[in-house]
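See structure below.
The values are calculated or read from the model by the stated rules, or taken from the named source; none is laboratory data. Because the structure is a prediction, the values reported are computed rather than measured. Cβ placement follows ideal geometry from the backbone for every residue including glycine, while neighbour counts extend to all protein chains displayed.
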């Protein structure tokens, strides 16, 4: 099943040029109309801008290990205004529950396993986290 395209339409001209591009025709640009070149320029600019925005939203990763009921390191740093991924490795022989009321996260991590919790972009401050199964195990995320 197909559909008809008027041979004078911009869509038809675009498809012809696209087909020529795929076939390796060296004379593609002179064949393109001014509107088609402008459209392709805008599309290329949008592509570049959207891939740049995606990179800006990639999280900053900080890593923490839990060993002998202690966070290592006990204090990690991340920039303000960027999403954060906290990678937690449980090196203890029992499960831990990484939790933070300030960060609005909690995650149970079995012994010998790793987990990642994602945190929204934060304002500058000092944010407490802890092992809910062993409340003496405390740490801080510092956002300067």
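Residue count for the stretch 134-143, restricted to those that are in contact with a strand residue (DSSP E or B) (Cβ under 9 Å, 6 or more places away or on another chain) and loosely packed, with under 15 Cβ neighbours inside 10 Å: 3. Of the residues making up the stretch 49-59, none is over 30 Å from residue 140 (Cα atoms), surrounded by fewer than 12 Cβ atoms within 10 Å (Cβ to Cβ), modelled with pLDDT under 95 and over 27 Å from the mean Cα position of the chain (by Cα).
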